[in-house]
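The structure appears below as structure tokens.
The values are calculated or read from the model by the stated rules, or taken from the named source; none is laboratory data. Just so it is clear, the model here is predicted, and its values are computed rather than measured. For neighbour counting, all protein chains shown are included, and Cβ atoms are generated from backbone atoms with ideal geometry for every residue, glycine included. Just so you know, the surface numbers come from the protein's heavy atoms only, side chains and all, with ligands and any DNA or RNA stripped out. Shrake-Rupley method; radii C 1.70, N 1.55, O 1.52, S 1.80 Å.
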Amino acid sequence: MKQADSVAELTGLARQVADIYAKRFGIDQNPTWYLGKMTEELGEVRAAYLKFSGQGRGEASLRDLEEEVADLFGFLLLFAQWQGIDPAAALQRKWEPYLQD
């Protein structure tokens, strides 16, 4: 599999997978659904991290943590797309001023 080179390519990948998921399970993809999925995935990132770091019940590998981060990132990209936000441009606009003298 070719690695995506841009936020736009990653968003396209997330869009394709979300469309398949939505069709399979009859989901209305809307901002509320994306917000709910981001909340769910953030909880899963937290759980995987706690398990991976030995602070939670059970075990998780770095791979488990990576996969949960990927899910969270994918839904964040989809929410941003739905709202017409370019997350790369927004990050640069918001964070780059901190590098100014």
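Tabulated values for the structure
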{"quantity": "Rounded to whole Hz, the Karplus (6.51, -1.76, 1.60) HN-Hα couplings of region 57-66, x for glycine and proline", "calculated": "6, x, 10, 9, 9, 4, 4, 4, 5, 4"}
{"quantity": "Qualifying trypsin sites (Lys or Arg not before Pro) in region 27-79, DSSP loop, other Cβ atoms within 10 Å at most 14", "calculated": "Arg57"}
{"quantity": "Student exercise, the chain dipole from Lys, Arg, Asp, Glu Cβ charges, in Debye to nearest 20", "calculated": "200 debye"}
{"quantity": "Extended-chain gain in nm, criterion 0.36 nm per residue less alpha-carbon gap, Asp86 and Asp28", "calculated": "18.6 nm"}
{"quantity": "Selected from Ala18, Gln29, Leu50, residue furthest toward positive end of dipole (region 1-53; charges at beta carbon)", "calculated": "Leu50"}
{"quantity": "Accessible carbon and sulfur surface of region 1-87 relative to its total accessible area, %, 1.4 Å", "calculated": "57 percent"}
{"quantity": "Mean ellipticity per residue at 222 nm, deg cm²/dmol - from DSSP H runs of n ≥ 4 across the chain, formula -39500 (n - 2.57)", "calculated": "-23500 deg cm²/dmol"}
{"quantity": "The chain: most fluctuating residue of Leu91, Leu65, Leu76 per GNM, C-alpha cutoff 10 Å", "calculated": "Leu91"}
{"quantity": "Rounded to whole Hz, the Karplus (6.51, -1.76, 1.60) HN-Hα couplings of region 67-82, x for glycine and proline", "calculated": "5, 5, 4, 4, 4, 4, 4, x, 6, 5, 4, 5, 4, 4, 4, 4"}
{"quantity": "³J(HN,Hα), Karplus 6.51/-1.76/1.60, whole Hz, each residue of region 13-21, x for Gly, Pro", "calculated": "4, 4, 4, 4, 5, 4, 5, 4, 4"}
{"quantity": "Shape category assigned to the chain from the gyration tensor of Cα positions, a/c cut at 1.5", "calculated": "oblate"}
{"quantity": "Per residue solvent-accessible surface (Å²) - the chain, probe of 1.4 Å", "calculated": "77 Å²"}
